[in-house]
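Peer 1: The following block contains the structure, expressed as C-alpha cells.
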Amino acid sequence: MNELKCVFWDLDGTIADTEIYGHRCAFNKTFKDFGLNWNWDVDTYIELLKYAGGKNRIIEYSKTINQTINIKKASLVHKIKTSNYCSMLKEGSINLRPGVLRLIKELKLHNIKQWIVTTSSKLAARDLINSKIGLFKYYFDGIISAEDVHLLKPNPEAYLLAMQKANIKPQNVLAIEDSINGLKSALQADINCVITLTEWNRESLSSFKEARLVVNHLGDPIHKTMFYHGNKVNNFVDIDTLKSILNNI
C-alpha cells in the first residue's frame, strides 16, 4: 500500500480565485502605471493563461498587438504588478476556494507534508497563505516558485525539484492543480494529480482524462463537490479520497 506522505498544492486558481479577480486586475492597474494603453478583459486573460508565468504573458500579448517589449521592461512591469497584487491580498479582496482551508487543516492534523508548487512568486504565495490561511511555516514545509526553476509548467522541473527538496517519492505524493499546464507538469514528474476546475476553465473535461480525479472544487459539508471523473469516496475531497487515489481504490 502506498502511504500518502505529502501533497503539492498549486496556488493560483487552485488555492484561491486569484487569476481573474486578482492577477488580472493587478496587471491592468500596472499597465496604467506604466502608461501602457492595455486592458486585459476576462476573455483576453483566459487566453493568456496558456502561457505560464506573468512575464511570459506580458511578452506574448505585446507580440499580438505589435508592441513588442523587451525582457527587461517586461520584468519591471511584472515586478510592479506583483507589488500591486500583494497590496490587494493585504486588503483581503481575494478569497480561498471551497474546501481548501478544511483540507489543509486536515492534512496538517494527520502530519502530511504540504508544499506550494507554483509559477507565481514566493512573495505573492506567502502573502496569500499568511493573509488567508495562517502562518505559512505552520502549514507548509516549503515552496517551489518561478524563481527556483528555469522552465515553468507544463515542464515538470518544478515538481521534480519539489520531490527532491521534500525527499519524497512519486508514489507517496499527490498534486492538486486547476489547469492543463499543471496536470501535464505533474504527470511528467510521475505524480498523480487531482484537478479542481475553475469557473473560467474553457477546456473540455476530456482534456483532463489523465487526472486521477476531476472535481468542481474540494468542497465541504455545506458545499458538496461535483465529481466529474474518478472515484467518489465522500461528498467532498478529504484525506480518505486522496489516499484512495494513491492506492487505486
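Peer 1: Under a GNM of the chain (C-alpha, springs under 10 Å), which listed residue has the highest mean-square fluctuation: Ile144, Ile191, Ile69?
Peer 2: Among Ile144, Ile191, Ile69, the largest GNM mean-square fluctuation belongs to Ile69.
Peer 1: Further, regarding this structure: Counting GluC sites (Glu not before Pro) as exposed when in a DSSP loop with at most 16 other beta carbons within 10 Å, what is the longest stretch of the chain free of them?
Peer 2: 92-198
Peer 1: Just how far, in whole angstrom, is the range 60-105 from the range 170-228 if you go by their alpha carbon centroids?
Peer 2: The distance from the Cα centre of the range 170-228 to that of the range 60-105 comes to 22 Å.
Peer 1: Separate question: Do you know the relative contact order of the chain, to the nearest whole percent, from alpha carbon pairs under 8 angstrom that are 6+ apart?
Peer 2: Value for the chain: 23 percent.
Peer 1: Just the Kirkwood number for the range 131-249, please: inverse of mean 1/r across all distinct Cα pairs, in Å, one decimal.
Peer 2: 15.2 Å
Peer 1: Let me ask you something else. Using the Cα centre of the chain as origin and beta-carbon charges of +1 (Lys, Arg) and -1 (Asp, Glu), tell me which of Leu128, Asn56, Ala74 is placed farthest towards the positive end of the dipole.
Peer 2: Of Leu128, Asn56, Ala74, it is Ala74.
Peer 1: Right, here's the next one. At 7 Å along Cα-to-Cβ for each site, give me the label-to-label distance between Met1 and Asn235 in nm.
Peer 2: Result: 2.6 nm between the two label points.
Peer 1: In the range 2-94, if every C-alpha pair distance is counted and binned at 10 Å from zero, what percent goes to each bin?
Peer 2: Result returned by the calculation: 15, 48, 25, 8, 4, 0.
Peer 1: Hey, got a sec? Which trypsin sites (Lys or Arg not before Pro) in the range 154-241 land in a DSSP loop and have at most 16 other Cβ atoms within 10 Å?
Peer 2: Arg202, Lys209, Lys224, Lys232
Peer 1: Contour minus end-to-end for Asn70 and Leu151, with contour as 0.36 nm per residue of separation and end-to-end as the Cα-Cα distance?
Peer 2: Gain in length upon complete extension: 27.3 nm.
Peer 1: What FRET efficiency do you get for Ser87 and Met226 if R0 is 25 Å and r is their Cβ-Cβ distance, rounded to the nearest 0.05?
Peer 2: Using R0 = 25 Å, I get an efficiency of 0.15.
Peer 1: For the chain, what does the helix formula give at 222 nm: sum of -39500 (n - 2.57) over DSSP H segments with n ≥ 4, over the residue count, nearest 500 deg cm²/dmol?
Peer 2: Value at 222 nm, helices only, nearest 500: -12000 deg cm²/dmol.
Peer 1: Efficiency by 1/(1 + (r/R0)^6): what FRET value for Asn37 and Lys108, r their Cβ-Cβ distance, R0 = 45 Å, to the nearest 0.05?
Peer 2: That pair, Asn37 with Lys108, gives E of 0.45.
Read-outs: derived from the displayed coordinates by stated rules, not from any lab. This structure is a prediction, so every number in the text was calculated from the model and none was measured. So basically every Cβ, Gly included, is an ideal-geometry build from the backbone, and we count neighbours across all protein chains shown.
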